[in-house]
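Q: One structure, pasted below without further comment.
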Amino acid sequence: TARDGDGWIECICGSKHWGKHGAAGLLIIRDGAVFLQHSAPWVHNGDTWGIPGGAKDSHESITEAALREAHEETGISSEHLTPLALFSDDHGDWRYDTVLAAANPLLSADSPNDESQEMRWVEVNEVTMLTLHPSFAKTWSDLKTLLEAL
């Protein structure tokens, strides 16, 4: 199936965003910690911490896109995840959807691609101690509230 989502769009918010059909990411939680990815310096907003994610293709559901991107970037297998909730950062003509998912104990991320320089579990209350990707930083308090409600 064609990968037709890669590309930049000029958003009405005044920023350029990656993903012609929007983008999706995966916020994984287990035992009070979230799984974060330290992006490589060369990627857009690189050398920051966030969640695995990327451009959504036109034929994919939000969850399919988030799981595919997480697998591509980290090696995470969807069989060890249970999607719990969805959070949308909707800009009107573009949006980033975050799938919140619980990880079972067998989940491992053992195949980072060149977009990652490090991946690790971070206690929920320690997330803001890291240098966060600007968009993730902007939505973190809403995501944290949603996590606490689950």
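Yes/no per residue for (1) in contact with a Phe, Trp or Tyr (Cβ under 9 Å, 6 or more places away or on another chain); (2) closer than 24 Å to Lys16 by Cβ; (3) not aromatic (Phe, Trp, Tyr):
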site	(1), (2), (3)
Glu64	no, no, yes
Ser88	yes, yes, yes
Arg95	no, yes, yes
Leu107	yes, no, yes
Ser116	no, yes, yes
His133	yes, yes, yes
Lys144	no, no, yes
Leu147	no, no, yes
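Q: Right, something else. State all residues of segment 90-101 that are crowded, with 16+ Cβ neighbours inside 10 Å and over 12 Å from the mean Cα position of the chain (by Cα); if no residue qualifies, say none.
A: Result: His91, Trp94, Arg95.
Q: Does Ile28 satisfy the condition of being more than 14 Å from Ser88 (Cβ to Cβ) and aliphatic (A, V, I, L, M)?
A: yes
Q: If we keep just the residues of segment 3-27 that are in contact with a Ser or Thr (Cβ under 8 Å, 6 or more places away or on another chain) and touching a residue at least 40 places away in the same chain (Cβ under 8 Å), which is surrounded by the most Cβ atoms within 10 Å (Cβ to Cβ)?
A: Among residues in segment 3-27 that are in contact with a Ser or Thr (Cβ under 8 Å, 6 or more places away or on another chain) and touching a residue at least 40 places away in the same chain (Cβ under 8 Å), the one surrounded by the most Cβ atoms within 10 Å (Cβ to Cβ) is Ala24.
Q: Considering only residues of segment 102-135 that are assigned to a loop (DSSP other than H, G, I, E, B) and among the aliphatic types (A, V, I, L, M), which is surrounded by the most Cβ atoms within 10 Å (Cβ to Cβ)?
A: The selected residue is Ala109.
Every number here is computed from the coordinates shown, using simple stated rules; none is lab data. None of the values given here were measured: they were computed from a predicted structure. Cβ: placed from backbone, ideal geometry, glycine included. Neighbour counts: every protein chain shown.
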